[in-house]
Structures are given as C-alpha cells and as structure tokens.
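Only one structure is covered here, and it is reproduced in the block below.
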Amino acid sequence: FKKYVIFLKSFKTAPEVFKINFIFPNGDTYDGDCTRTSSGVIERNGIGIHTTPNGIVYTGSWKDDKMNGFGRLEHFSGAIYEGHFKDNMFHGLGTYTFPTGAKYTGNFNEN
C-alpha cells in the first residue's frame, strides 16, 4: 500500500450576507444587505437603501458600513447625485443635478 499525504489549504470564505430592515434610533431606516464583522458587529455591506426621516435617500452599494461603489443620493431639496462613492463621499465619475435642473457631469474627488 502506498501512503498519500493530503494537505488541506485554508480558504477564506465570504461572510454570510443578511437581508435586514433596520430602524436607527434617529428614525433613519436601512433595507438591504449586511454582514457580521469578526468582532460580531453587523455592518452594511452589499446593496441597500438608507432613508432619513427628512427625505434623504441613498440607494446603492455599501462596503464597511459606508457608501462605497455606485449609488444614487437624493436630497429633499431635489438635488441628486448619481455616481461613484468612496467612504460616504462623492468620488470618481458622477452626475450632480442641482434643484434648478442644472447638471455637472465629471470627476469628483472626495466631494
């Protein structure tokens, strides 16, 4: 009989994604994807919608509990930003539409 040695590699698995509907103490709501950190904290990661009581709505990608990736932020004034976000800031290519209807399309650098 021949003996075989099998080496098992450790693979990092993707965290489990939860679909939640959460109401924050300030009245904000979040409906979307979340994951649990290694310390057990639930963070927004994936796609979701965050709404404030005064009418600000963000629909888009989340990473590490912040707006990251592509999304749309609608302000109650009528202003809309649609484009790329980095750590809750307009960052990358996007279009900002002012309440008057005027638009700026181009690159944003940390707002």
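The values are calculated or read from the model by the stated rules, or taken from the named source; none is laboratory data. Because the structure is a prediction, the values reported are computed rather than measured. Accessible surface areas use protein heavy atoms only, side chains included; no ligands, DNA or RNA. Shrake-Rupley method; radii C 1.70, N 1.55, O 1.52, S 1.80 Å.
Some notes on this structure:
- Residue in region 30-43 that is among the β-branched types (V, I, T) and at pLDDT 95 or above present: no
- Filtered residue count, region 85-105, keeping only those that are under 17 Å from I47 (Cα atoms) and open to solvent by 80 Å² or more (accessible area, probe 1.4 Å): 1
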